[in-house]
Amino acid sequence: MAFILVQHLDPTHESMMVDLLSAHTSMPVRQATDGTPLEPDHFYVIPPGRHLSVANGALHLSQPEARHGTRLPFDFLLNSMASTCASRSIGIVLSGTGSDGSLGLRAIKQKGGFAIAQEPGEAGYDGMPRSAIATGAVDLILPVEAMPAALVAHARGDAGRGATATVAAPEFRLGEVVDLLRQRTAHDFRLYKPGTLRRRIQRRMAMGAIEPHAMDRYLAILRNDRHELDLLAKDLLIHVTSFFRDPRVFDRLAETVIPDLVRDRAPDLPLRLWIAGCSTGEETYSITMLFREAIAAAGVAVKLQVFASDVDGDAIAVAREGLYPHTIEAEVSAARLARFFTKEERAIAWRRTSGPPSCSPSRTCCRTRPSRGSIWCRVATC
């Protein structure tokens, strides 16, 4: 592995991190320069006042676009790693204030990478670890002392992928794992891509220090350990979501689809929306904002009800709370943040009373349908 350290440094002062860290590791420690090639077992440190990215096997420096205000150098680096290194990326969020790194970890997780956050109770400043954990993208929450072993176990899993890739699918026994999940959990993964299933299973095996070829051992664990079975099912529920994730689609909805739905609705006939597979709620709230804006613009008294469902109860719990890290400021406009959200110390909360004057919000309510393995949640009513 190559290691890269990003700190929030004073751009007006020289950094002493190279000298300080060199005394604590046998690896060469270097301050990154533009074009520095990444080498295994080397440790690179970000220079003050710069953004650092990875591309074509090398480090690249750039000037932050915003000379003042919030800078997010960790997000910048992690996003470049997700684009360039995909599943070979590992992101670790340590002690720090703010939420830098949260969006980057989510990008890494979406590309099949590995994410670790420091145990908040151990961190000198728990803002960054807590924000990262709140995204749902963190694989492990660990004290610093336990992180090296986790990195080694993950690396061994990665090293075994080349060998495992040559094993025939029946020998890897994907069908048995999928059947076990379908019988003992509420989830049916039969239509998942075999490659996705294999990668996620291999990662769970690596985290348990199980060799990639030892499927008999892992199947025995799954049969006898319900906790590991639930963890595997949860790891397979990949939550790829964000506010206004595909801007062109949301722009098209706002310009051509939603105004017609609002304009043609009779005042005494409620407009009901259902978002299926809502994950942690970002898409649901995005669509709700567009409809509320359209109702206000049209000046009509249309009653709006928004329902959302997902097979992951933990994801629904996040959606129901409506609490998101401050990094959503990069996804939601300042005007929408001011109208629909309330900024709290550690999170940005969906404002339950937001909306046109005609709105009469009701409390959120959820009910479980065990037979269908889904949880329905009404996230907004007005």
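Only the coordinates and a few stated rules stand behind these numbers; no lab work does. Values in this document were obtained by computation on a predicted structure and should not be read as measured data. Using ideal geometry, Cβ is built from the backbone for each residue, glycine included, and neighbour counts are taken over all protein chains shown.
Projected onto their three principal axes, the Cα atoms of the stretch 207-301 cover extents of 63, 28, 14 Å, largest first.
The amide H of Ile4, built 1.01 Å from its N in the peptide plane, has Tyr44 as neighbours under 5 Å, considering only residues 5 or more places off or on other chains. Among Met128, Met147, sorting on how many other beta-carbon atoms sit within 10 Å of each Cβ, with the fewest leading, yields Met147, Met128. All alpha carbon pair distances within the stretch 238-354 were sorted into 5 Å bins beginning at 0; the resulting P(r) in whole percents reads 2, 11, 21, 23, 21, 14, 6, 2, 0. Put in line by how crowded their Cβ is, counting other Cβ atoms within 10 Å and starting with the fewest, Cys278, Cys85 read Cys85, Cys278.
Remark on Leu59: its backbone amide H falls under 5 Å from those of Gly35, Thr36, Leu38, a criterion applied only to residues 5 or more positions apart or on other chains, H modelled at 1.01 Å from N. Going by Cα centres, the stretch 286-343 and the stretch 18-48 are how many Å apart? With the stretch 286-343 and the stretch 18-48 each reduced to a Cα centre, they are spaced 43 Å. Here Leu231, Leu52 are placed in order of increasing Cβ neighbour count within 10 Å, fewest first, which gives Leu231, Leu52. Across the stretch 10-16, computed HN-Hα scalar couplings (Karplus, 6.51 cos²θ - 1.76 cosθ + 1.60, θ = phi - 60°) run 5, x, 9, 10, 5, 8, 9 Hz from first to last residue, x flagging Gly and Pro. For the cross-link pairs Lys193/Lys303; Lys234/Lys303; Lys303/Lys343; Lys111/Lys303, the ones whose C-alpha atoms lie over 32 Å apart are Lys193/Lys303; Lys234/Lys303; Lys111/Lys303. Here's how it looks for Cys278: its modeled amide H is under 5 Å from those of Ser309, Asp310, which are all 5 or more places away or on a different chain. 3J(HN,Hα) along the stretch 32-43, derived from phi through the Karplus expression 6.51 cos²θ - 1.76 cosθ + 1.60 where θ = phi - 60°, amounts to 5, 10, 5, x, 4, x, 7, 10, x, 6, 10, 10 Hz, with x in place of Gly and Pro.
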